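The values are calculated or read from the model by the stated rules, or taken from the named source; none is laboratory data. Quick caveat: nothing in here was measured; it's all calculated off a predicted structure. Glycine also receives a Cβ, built like all others from the backbone with ideal geometry; neighbour counts cover every protein chain displayed. Surface accessibility is based on the protein's heavy atoms, side chains included, excluding ligands, DNA and RNA. Shrake-Rupley method; radii C 1.70, N 1.55, O 1.52, S 1.80 Å.
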Amino acid sequence: MATANEQRAEQSARLDRIEQKIDQMSEAIIALARAEEKIITLTEFGKQQGEQILTLINRVDRLEELVRQNASTVNVINKLFWIVIAAAATAITGMLFIQ
């Protein structure tokens with residue numbers, strides 16, 4: 001009888017160790033699943049960030065082109081303004097000498 005009880009105790013202890021290992025494995029699997037979800041989330045976030053960066057780069061390129069166009073327009077307006085001022089000064093000076 002003692003051996004049967006010892007065998008039962010041994011098997012019970014063995015089953016307890018197996019259950020503990022299964023519990024540890026299930027915790028590890030859950031941790032891996034959570035890590036995988038985080039990786040997927042980070043990958044999607046990275047893709048979104050990349051798309052947003054490309055959108056911003058395109059917007060900056062368009063703005064640079066508009067700035068170039070506006071700079072040339074402002075240069076033309078500036079030159080016309082000084083031509084008008086020079087013409088007005090010449091006209092006023094000419095009128096003063098004629099009188």
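Read through the labelled values (i) 1.88; (ii) 1.22; (iii) 1.04 and report the label of the one computed as Rg/Rh (Cα atoms, Kirkwood Rh) from the structure.
Matching the structure shown: (i).
What's the FRET efficiency of ALA71 with ILE92 using the Cβ-Cβ distance as r and R₀ = 35 Å, to the nearest 0.05?
Values: r = 32 Å, r/R0 = 0.90.
Efficiency computed from Cβ-Cβ geometry: 0.65.
To the nearest 10 degrees, how steeply does helix 2-98 sit against the main Cα axis of the chain, on a 0 to 90 scale?
Value to nearest ten degrees: 0.
Taking LYS38 as the anchor, which lysines have their alpha carbon closer than 16 Å to its alpha carbon, excluding any fewer than eight residues away along the same chain?
LYS47
With every protein chain kept in place and ligands, DNA and RNA left out, what is the accessible area per residue of segment 16-75? Probe 1.4 Å, answer in Å².
Counting only protein heavy atoms, the per-residue value for segment 16-75 is 94 Å².
Note the full-extension length gain between LEU80 and ASP16 as 0.36 nm times their separation in residues minus their Cα-Cα distance, in nm to one decimal. Walk me through the intermediate numbers first.
On the way: separation 64, 0.36 × 64 = 23.04 nm, distance 9.46 nm.
So the extension gain works out to 13.6 nm.
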